[in-house]
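S.K.: What follows is a single structure, and I will ask about it in a moment.
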Amino acid sequence: MSNERSGSTLIENILTKSSQIVSVGETYLLGGYIHKVGPGFTWDWNCSCGNSLLECDFWNKIYRHLNISDPREIKNTKIIYPKRKDKGRQKSKNDEVASLMNQIYASVFETANCSIVVDSSKKAFHGTSLYQNSPYNFKFIYLKRDLRAVTFSKQKWRKKYGAKDISLLKLLIANYIHRLWCFIMLRKVNKKDVFYLKYEDFFERPQQTLDDMSKFFGFDSYEMPEFMELVNDHTIAGTPNRFEKRKIKYDAKWLSNVKKHPLINALGIILNKIG
Ligand SMILES: [Zn+2]
């Protein structure tokens, strides 16, 4: 569970370096990737292996395991907070998605022969709904990053992709509201099932944090990788940077940017402190 631009793809990538863990990426977007709609246009909605979701070997094994002859039968993979006026209809759609997701997880456990599956869908309502219906030992990583860093990073990518210009103040407030939403959603989850992770702390004590995660989730500890890179991964979505091999280091470029915006800086510091 996290906001966008908070480092979830990096954490996911580090976790896949364990031989006991397989990541499937953001399965929330699986339906969109199969039908090539929604986010993912820049890389033609391909799996991280470079093949389309119709051609990827890994995902084809999963479809076969699910007894699906044409993956295009998979349409909706999003659990969405129901609007008041069509609560009943949305709830039955959500139940269908939860059941499909549990079958997908079962297929991944079996075909990839792993003991932990990482789903980096991030979405708070989607995740907590799956948690409540899960036959598995379902645990969360709640990943938080400095709100100012998330704000500047989002603005950078919005500019890059020609998205509508939104002021830094609005972005900052929206990021804080997202945090409140995660906080509300996490009230549905037993505290012992949540690993609280601060992106900044991770860079201060990388090996220690990875060891803490290994204890929490029950995988064998291993050496913190030096690089973020895709190795035999078949993940859906993630940061646009994920295709290049990159040295894992704290990206502090936003710090020089934030100095030019003292109001955003001050408000960001206060909102970070509130929680
Ligand atoms: Zn693939």
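Please treat every number below as a calculation from the coordinates, not as lab data. As the structure is a computational prediction, the values presented were derived from the model and not from experiment. Counting neighbours? That spans all protein chains shown, and the Cβs are built from the backbone with ideal geometry, glycine included.
S.K.: Report the full-extension gain for the segment Gln208 to Asn265: residue separation times 0.36 nm, less the Cα-Cα distance, to one decimal in nm. Could you put the intermediate results ahead of the total?
M.R.: On the way: separation 57, 0.36 × 57 = 20.52 nm, distance 2.94 nm.
Extending this stretch completely gives an extra 17.6 nm.
S.K.: Moving on to the next point. What value, in deg cm²/dmol to 500, does the helix sum -39500 (n - 2.57) over DSSP H runs of n ≥ 4 give at 222 nm once divided by the residues of the chain? Don't skip to the answer; put the middle values down first.
M.R.: Details: 11 runs with 128 residues, N = 275.
Only helices count here, giving -14500 deg cm²/dmol.
S.K.: Here's another thing I want to ask about it. Please work out the Cα convex hull volume for the chain and give it in Å³ per residue.
M.R.: Details: hull volume 38.6 nm³, N = 275.
It comes to 140 Å³ per residue, whole-number rounded.
S.K.: If you don't mind, another one. Any chance you could list the semi-axes, whole Å, largest first, of the equivalent ellipsoid that the Cα gyration tensor gives for segment 146-275, using √(5λ)?
M.R.: Equivalent ellipsoid semi-axes, largest first: 27, 21, 16 Å.
S.K.: Shifting gears a bit: How would you rank 201-213, 140-152, highest first, on the average number of other Cβ atoms within 10 Å across their residues? List each step's numbers first, then the result.
M.R.: Details: 201-213: 15.7, 140-152: 23.0.
Per-residue Cβ counts within 10 Å, averaged per peptide and sorted highest first, yield 140-152, 201-213.
S.K.: Given an 8 Å cut-off on Cα distances and at least 6 residues of separation, report the relative contact order of segment 135-275 as a percent.
M.R.: Working: 109 pairs, mean separation 46.6, N = 141.
Once divided by the residue count of segment 135-275, the mean separation gives 33 percent.
S.K.: Express the relative contact order of the chain as a whole percentage, based on alpha carbon pairs under 8 Å and six or more residues apart in sequence. Display every interim value, and only then the final one.
M.R.: Values: 365 pairs, mean separation 81.3, N = 275.
Contact order relative to length: 30 percent.
S.K.: Pairwise over distinct Cα atoms, reciprocal of the mean inverse distance: report the Kirkwood radius of segment 133-198 in Å, one decimal place. Before the final figure, lay out the partial values.
M.R.: Details: mean 1/r = 0.0726 Å⁻¹.
The answer is 13.8 Å.
S.K.: Further question on the same structure: Could you order the peptides 257-268, 170-181 from most to least packed, using the average number of other C-beta atoms within 10 Å per residue? Please list the in-between numbers first.
M.R.: Details: 257-268: 15.1, 170-181: 17.0.
With the highest mean Cβ count within 10 Å placed first, the list reads 170-181, 257-268.
S.K.: Here is a further query. Using Cα-Cα distances under 8 Å and only pairs 6 or more residues apart, what relative contact order does segment 1-48 have, in percent? Could you put the intermediate results ahead of the total?
M.R.: Details: 21 pairs, mean separation 8.9, N = 48.
Relative contact order for segment 1-48 comes out at 18 percent.
S.K.: Here are some pairs, Lys17/Lys245; Lys93/Lys164; Lys144/Lys273; Lys164/Lys273; Lys85/Lys144; which of them have Cα atoms lying more than 22 Å apart in this structure?
M.R.: Working: Lys17/Lys245 14 Å; Lys93/Lys164 31 Å; Lys144/Lys273 12 Å; Lys164/Lys273 29 Å; Lys85/Lys144 33 Å.
Distance filter (> 22 Å) returns Lys93/Lys164; Lys164/Lys273; Lys85/Lys144.
S.K.: In nm, to one decimal, how far is the modelled label at Lys87 from the one at Val37, with both set 7 Å along Cα→Cβ?
M.R.: Inter-label distance under the simple model: 2.7 nm.
S.K.: Also, I was wondering about something else. To the nearest 0.05, how large is the calculated FRET efficiency for Asn232 and Lys191 if R₀ is 45 Å and r is the Cβ-Cβ distance? Could you put the intermediate results ahead of the total?
M.R.: Working: r = 35 Å, r/R0 = 0.77.
In this case the efficiency is close to 0.85.
S.K.: Rounded, prolate or oblate: which fits segment 28-98 when a ≥ b ≥ c are the square roots of the eigenvalues of the alpha-carbon gyration tensor, with rounded for a/c under 1.5 and prolate only if a/b beats b/c?
M.R.: Since a/c reaches 1.5 but b/c is at least a/b, the shape of segment 28-98 is classed as oblate.
S.K.: Right, here's the next one. Rounded, prolate or oblate: which one fits segment 65-220, using the alpha carbon gyration tensor with axes a ≥ b ≥ c (rounded when a/c is under 1.5, else prolate when a/b beats b/c, else oblate)? Intermediate results must be reported in sequence, preceding the final value.
M.R.: Details: a/c = 1.68, a/b = 1.16, b/c = 1.44.
Because a/c hits 1.5 or more and a/b fails to exceed b/c, segment 65-220 counts as oblate.
S.K.: Given the Cα-Cα distance of Lys156 and Asn60 and 0.36 nm per residue of separation, how much length would full extension add, in nm? Present the calculation step by step, with values, prior to reporting the outcome.
M.R.: Details: separation 96, 0.36 × 96 = 34.56 nm, distance 3.56 nm.
So the chain would gain 31.0 nm between Lys156 and Asn60.
S.K.: With 10 Å bins from zero, work out the P(r) of segment 39-150 over every alpha carbon pair and list the percent per bin.
M.R.: 12, 36, 38, 14, 1
S.K.: Could you pull out which residues in segment 88-120 have an amide N less than 17 Å from a spot 7 Å beyond the Cα of Asn51, following the Cα-Cβ vector?
M.R.: 108, 111-113
S.K.: Report the full-extension gain for the segment Gln132 to Asp201: residue separation times 0.36 nm, less the Cα-Cα distance, to one decimal in nm. Each step should come with its number before you reach the end.
M.R.: Details: separation 69, 0.36 × 69 = 24.84 nm, distance 2.92 nm.
Gain on stretching Gln132 to Asp201: 21.9 nm.
S.K.: What dipole magnitude, in Debye to the nearest 20, does segment 1-131 give about its Cα centre under +1 on Lys/Arg Cβ and -1 on Asp/Glu Cβ? Could the numbers behind the result be given before it?
M.R.: Details: 17 positive and 13 negative charges, 148 e Å.
In total the dipole reaches around 700 debye.
S.K.: Can I ask one more? With the cut-off at 1.5 for a/c, could you classify segment 8-66 from its C-alpha gyration tensor as rounded, prolate or oblate? Walk me through the numbers on the way to the answer.
M.R.: Working: a/c = 2.01, a/b = 1.27, b/c = 1.59.
Verdict is oblate for segment 8-66.
S.K.: On to the next question. How charged is the neighbourhood of His35? Take every other residue with its Cβ under 14 Å from the Cβ of His35, and add Lys/Arg as +1 and Asp/Glu as -1.
M.R.: Details: positive: Lys36, Arg72, Lys75, Lys78; negative: Asp44, Asp70, Glu73.
Net charge around His35: +1.
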